[in-house]
Amino acid sequence: MKFKRTDKLVLSILESNPDTRSSDALLYLEVIERIGRGNSQKPINEILLGLEALGLPCFETVRRTRQKIQAERDDLKADERVQDFRSEREEEFRRHFGTKCHDE
């Protein structure tokens, strides 16, 4: 199952590279490196437009997977500054859209 593979991959990256806990861009770059093996050297438009052909999950899947893992594992949380920023953005989102986020 594709989602199980993404879960395992993101967990492995978060465990092995603490910098990815605070940066979705860095996390996604690691995903590309591990799955794509060399695809990170391609132009970004080729990567983003060819995700399926390259066997890459979409950015949002990786972000949500990171969010889920970090909600369950305190040892893999982002640094405090990033956690504060993400909390502020979530509150802003809720005020703007008048809804509760479904990822938590």
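The values are calculated or read from the model by the stated rules, or taken from the named source; none is laboratory data. Keep in mind it's a predicted model, so treat the numbers as computed, not measured.
Listed values, structure above:
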{"read-out": "Region 26-36 - residue that is modelled with pLDDT under 95 and of a type outside the set (Val, Ile, Thr) and, of those, nearest to the chain's Cα centre (by Cα)", "value": "28"}
{"read-out": "Residue tally, condition under 12 Å from the mean Cα position of the chain (by Cα) and not in a loop (DSSP other than H, G, I, E, B), over region 73-92", "value": "0"}
